[in-house]
Amino acid sequence: MQKQNIPLAGNGNLFAALRAAFPKDLDGVAIETDNGLFYSWRDLDRATAMMANLLASLDLPAGSRIAVQVEKSVEAMVLYLATLRAGFVFLPLNTAYQSAEIEYFIGNAEPAVVVCSSKNFGWVSKIAFKAGTQYVFTLNDDRTGSLLDRTANASDQHVVAVRQADDLAAILYTSGTTGRSKGAMLSHGNLLSNAQVLKTYWGWRTAEEGGDVLIHALPIFHVHGLFVAIHGALLNGSKMIWLGKFDPKLVIQKMPEATVFMGVPTLYVRLLAEPELTVDVARHMRLFISGSAPLLIETFNDWKSRTGHTLLERYGMSETAMLASNPYDETEGERRGGTVGFPLPGVSLRVQDDQGQPVAAGEIGGIQVRGPNVFQGYWRMPEKTAEEFTADGYFKTGDVGKIDALGYVTIVGRSKDLIISGGYNVYPAEIESFINELPGVAESAVIGIPHADFGEVGVAIVIAKAGAKLDPSQIIASLKSQLANFKVPKQCFVVDALPRNTMGKVQKNVLRAQYGVG
Ligand code: MLC
Ligand code: AMP
């Protein structure tokens, strides 16, 4: 963890830097939505000021967490920006999370404010009030809810709260309900430094250079959609075409009005399935960026032949924001499929073996990183934080990879037992703990297998207790009622025994070889 004790230039608040990048003409369009709404830069400035004033009026303790589980909307983004602006800490939660998951996050983070959809108010408010939350507001994707009602009376004049680079801006939880679930604490300095680096590295074009327009089609509760996409556009004063949900046909339809698109590999796979995707329709686009999960070389190649564009693949994580990227500027090198490019400027990235020794170029080992983007540690878990850092301050990513002689980084696997499905993380240990609680289950193993659409999906292998009879479809149905839908294994097999090594450890590689036919 690298501390930055020097305040950023001016006000260290990330919002101040984003606000400073708004175009001079505040009446220009900042956001155009897929349901025909237009927001000017002035609208964003006023709306964030009003919501920041509302938050400030609640008299919350310094460092209060604002936990948010709402459908994607421009107002939800305004809530994020207003939280920064008022100097509080944003805690976004995937809309797929169900009550056990939400109970864990709220219990662990102890937010002062929780914002949820009206349809979930009953159960979310019960959990929140039990955990000591003072305020529960609602916010819906049709611009209704008590949060907006309360904001309507607030002043639109607000002085951005002064923050230091190390002050927390957001907490992102890395998994679900088990002991492995950790809140990654990101500071204003972490997020701003990363956004500034990407602005240059990806060649964001200023208005004078013709400007950029981003198609925003990702969810806004994870690093990719919330930070990389939104900060990228705002820090460049660029307009966003805002899609409430990823819709491949709509993305293609918007390409002639846009220049930048960001997606997880599943989005590219789905776009490629559309016959309307052609060189012609993609001609106006400047840059397509992929990340959050491995991009298959076939997708990289197909994208090039179908659109004429070379996808730019980059690598990041909740704890570090963006770490490595293929170059935008071709004088710095080609965008090489199958690799995640070079460490970003300011990021030190190295590969070490299990003994903590550097490996030779091209050799495989654990990827470790250091830089101004690396988080402040896990929320209230100093021991876990210490375990994940080396003595010389490098963060152990849990990804396994190599660096070639030219400096390109390739991710070849993960030392953490993690499935990445459609860009969402699924921790097998969490799913196994839920399965093991079901009646008649003796034990289970969850593995990731290749999947044409999601890249990887979970499969559960379950052993029954002596005398018990298990129905795989019942197991899936029980999991669906308790867990976020994307975490539920797509298939379940009931078998007699799990393969184990001489130490008694389940051999997931053997299971993957047996069931991994996709
Ligand atoms: C949906 N489903 C999934 C899934 N998404 N299953 C596995 N993995 C997923 N990712 C399932 C649902 O359970 C449901 O099944 C069915 O698909 C339809 O659900 P849906 O909600 O209608 O799906 P859809 O809208 O099509 O969503 C697919 C998607 C979405 C690819 C658009 O998953 C998505 O937006 N992914 C992006 C995730 C992302 O932003 N990651 C960034 C993390 S940041 P059933 O059986 O219930 O009907 C990060 C750091 C970094 O990693 O480097 O960026
Ligand atoms: P998260 O915890 O959701 O932030 O997920 C971060 C993880 O996603 C990383 O540790 C990697 O395992 C994975 N990841 C992100 N980008 C890529 C990429 N371009 N290729 C392969 N894996 C990636």
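Just so you know, all these numbers are worked out from the coordinates, no wet-lab data involved. Given the structure is predicted, the values throughout are model-derived calculations rather than measurements. As a convention, Cβ positions derive from the backbone with ideal geometry for all residues, glycine included, and neighbour counts pool all protein chains shown.
The table for this structure:
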{"quantity": "Those lysines that a straight Cα-Cα span of less than 26 Å connects to K254, excepting residues fewer than 8 apart in one chain", "calculated": "K24, K72, K199, K239, K245, K304"}
{"quantity": "Eligible lysines near K384 by straight Cα distance, threshold 29 Å, same-chain separation 8 or greater", "calculated": "K3, K130, K182, K396, K402, K416, K487, K505, K508"}
{"quantity": "Extension gain (nm, one decimal) between T331 and S473, 0.36 nm per residue minus Cα-Cα", "calculated": "45.7 nm"}
{"quantity": "Distance between modelled label sites at D156 and E437, nm, 7 Å Cα→Cβ extension", "calculated": "4.8 nm"}
{"quantity": "Computed E for A386/A100 - FRET, C-beta separation, R0 45 angstrom, nearest 0.05", "calculated": "0.95"}
{"quantity": "Cα-based shape type of the stretch 418-515, given that a ≥ b ≥ c are square roots of the gyration tensor eigenvalues and the cut on a/c is 1.5", "calculated": "oblate"}
{"quantity": "Residues V494, V114, V426 arranged by fewest to most Cβ contacts within 10 Å", "calculated": "V494, V426, V114"}
{"quantity": "Value in Å of the Kirkwood radius, where the chain supplies the Cα pairs that are averaged", "calculated": "23.9 Å"}
{"quantity": "Order of Y97, Y173 under a 10 Å beta carbon neighbour criterion, fewest first", "calculated": "Y97, Y173"}
{"quantity": "Alpha-carbon gyration tensor eigenvalues x 5, square-rooted, for the stretch 198-315, Å", "calculated": "20, 16, 14"}
{"quantity": "Proxy reagent accessibility, fewest Cβ within 10 Å first, across R306, R143", "calculated": "R143, R306"}
{"quantity": "Candidate aspartates and glutamates - alpha carbon under 16 Å from K480, same-chain residues fewer than 8 apart omitted", "calculated": "E101, E430, E432, E437, D471"}
{"quantity": "Size of the stretch 1-143 as Cα extents on the principal axes (Å, biggest first)", "calculated": "46, 44, 30"}
{"quantity": "Global form of the stretch 163-228, assessed from the alpha-carbon gyration tensor, a/c cut-off 1.5", "calculated": "oblate"}
{"quantity": "Calculated FRET efficiency for the pair D353/A497, C-beta based, R₀ 41 Å, to 0.05", "calculated": "0.75"}
